Amino acid sequence: MNICILKEHKPNEFRSPLVPEDIKRLKKKYPRYNFYIEPSKNRIFSDSLFYQSGCEKYISQQIDLYLSIKEVSAKQIKKNQNFMMFSHTIKGQEYNMPLLRKILKNDCSLIDYELLKDKKNKRLIGFGYFAGIMGAFLTIKNHLKIDSPKKYSYKIDELLEIVSKKNLNNLRILITGEGAVSNGAQFFLKKIGIKDKKTLKTNKYSSYFKVLSPSEYYKRLDKKFNLNDLMNGIGTYQSIFPNYFNEYNIFLSCHYWDQRFPKLFELNQVNKDFFQTIGDITCDINGSVPTTSRSTTLTKPYYKFKKTNIMAVDNLPSALPKESSEHFSKILTSLLPSILNSLNKESIEEFYISKKGYLNYRYINLLQNLI
């Protein structure tokens with residue numbers, strides 16, 4: 001079984017789906033696994049470390065499964081290949097439909113990390129926690145006008161040191177989302193001394209954060225709010241999010257969103273009480289947060305909407321490449337054997353968007369975006 005780690009083509013992308021130490025462990029436990037690496041100067045772990053772990057240089061060998069973090073270029077797709085990546089296609093994202101069309105046309109299989117879930121439908125693998133940490137850092141860095149080196153990569157302790165030396169008064173931070181992204185942001189805020197509003201016994205603190213549950217920023221018009229209904233597009237929901245504009249000066253968007261849900265606000269609702277700074281960590285372009293009209297990069301993380309500074313970097317964990325790669329690789333190592341065993345089965349598991357050129361029936365709604 002031949003597995004190849006591809007070079008990332010997106011700018012400022014330094015992560016790796018597997019790290020050298022985990023490849024060593026996999027080769028020891030599964031001698032029939034052969035690993036290849038497409039050389040890269042950007043990857044946080046050098047090519048030589050991968051070669052020392054038992055990888056070979058990828059040239060044109062026959063590969064059973066190609067691994068990458070971000071989407072591969074459509075030009076790389078050849079007949080009867082198997083890919084595993086964050087494809088950013090499952091919501092019908094228009095900018096990646098050419099990639100999915102090419103995969104289907106060439107009878108390829110596409111596995112998406114986002115679709116690897118447990119029996120309770122909870123995601124098994126991802127970088128969300130690290131996105132939350134880095135997103136909170138960059139947002140506060142901009143809000144407080146902190147000057148720090150634009151070097152990548154960072155380590156979490158370095159981020160904490162940069163911010164903890166600053167005056168953190170008068171930071172009132174609103175957070176949406178209760179998953180891994182939100183947990184990462186909350187971890188960072190607590191580490192620099194900003195407290196959760198619900199734990200405060202007095203109002204003497206000038207800085208705090210509040211995490212909103214969906215029922216606090218959406219209301220159902222018949223007053224029968226139900227999260228499962230909301231997630232499945234059942235019932236009529238309306239955003240009450242603008243009610244929070246006045247109290248908070250920073251907003252961290254960490255929640256899941258798709259087109260069945262209302263947007264948090266409309267652009268015509270942006271007023272003098274609006275946030276001074278927004279960190280759209282989930283970065284849905286023209287989605288839940290209408291001020292996010294485009295994504296940004298680690299080297300140029302910010303832009304302005306009227307008087308509000310927007311942070312909308314779409315690969316935040318790449319700024320913490322070593323720690324985030326090690327975390328991701330550890331989980332992927334445990335999942336990889338069952339994924340490899342599924343490649344030649346006739347069944348089409350949930351984590352496939354396509355298998356051997358057939359679109360997974362679970363995602364048949366994507367057809368309307370492929371026409």
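Restricting the calculation to alpha carbons of the chain gives Rg and Dmax of 21.6, 65 angstrom. Seen through its C-alpha gyration tensor, with square-root eigenvalues sorted a ≥ b ≥ c, segment 119-158 comes out prolate because a/c lies at 1.5 or above while a/b is bigger than b/c. At full extension, Gln61 and Asn286 could sit 76.9 nm farther apart than now, given 0.36 nm per residue minus the alpha carbon distance. Only one residue of Ile103, Leu367, Gln52 has its Cα farthest out toward the positive end of the dipole of the chain, where Lys and Arg carry +1 and Asp and Glu -1 on Cβ, and that residue is Gln52. Each Lys and Arg adds +1 at its Cβ and each Asp and Glu adds -1 at its Cβ; summed about the Cα centre, segment 285-371 shows a dipole of about 460 debye. Qualifying trypsin sites (Lys or Arg not before Pro) in segment 120-188, where qualification requires a DSSP coil assignment and no more than 15 other C-beta atoms within 10 Å, comprise Lys120, Lys122, Lys145, Lys150, Lys151, Lys155, Lys165, Lys166.
Using the C-alpha gyration tensor of segment 240-371, what are the square roots of 5 times its eigenvalues, in whole angstrom, with the largest one first? Mind showing how you got there, number by number?
Working: eigenvalues 263, 87, 31 Å².
Value: 36, 21, 13 Å, ordered largest first.
Measuring with a 1.4 Å probe in the full set of protein chains, what accessible area per residue, in whole Å², belongs to segment 162-282? Computed with neighbouring chains in place, this is 53 Å² per residue. For segment 114-266, the alpha-carbon radius of gyration amounts to 1.15 times the rule-of-thumb value 2.2 N^0.38 Å expected for a compact globular protein. The antiparallel fraction among DSSP beta bridges confined to the chain stands at about 25%.
Take the cross-link list Lys28/Lys355; Lys24/Lys155; Lys141/Lys201; Lys91/Lys122 and give me the ones stretching past 20 Å between alpha-carbons.
Table pairs above 20 Å Cα-Cα are Lys28/Lys355; Lys24/Lys155; Lys141/Lys201.
Estimated purely from DSSP H runs of n ≥ 4, each contributing -39500 (n - 2.57), the mean residue ellipticity at 222 nm for the chain is -7500 deg cm²/dmol once divided by its residues. For segment 1-57, the per residue solvent-accessible surface stands at 50 Å², with DNA, RNA and ligands left out and a 1.4 Å probe. Solvent-accessible surface (1.4 Å probe) assigned to Asp273 amounts to roughly 50 Å².
For segment 96-145, the direction-averaged projected area of the alpha-carbon convex hull comes to 5.8 nm².
The values are calculated or read from the model by the stated rules, or taken from the named source; none is laboratory data. Computed from a predicted model, the values in this text were never measured in an experiment. No Cβ is skipped: glycine too gets one built from the backbone with ideal geometry, and neighbour counts run over all protein chains shown. Heads up: the accessible areas ignore ligands, DNA and RNA and are worked out on the full protein's heavy atoms, side chains in. Shrake-Rupley method; radii C 1.70, N 1.55, O 1.52, S 1.80 Å.
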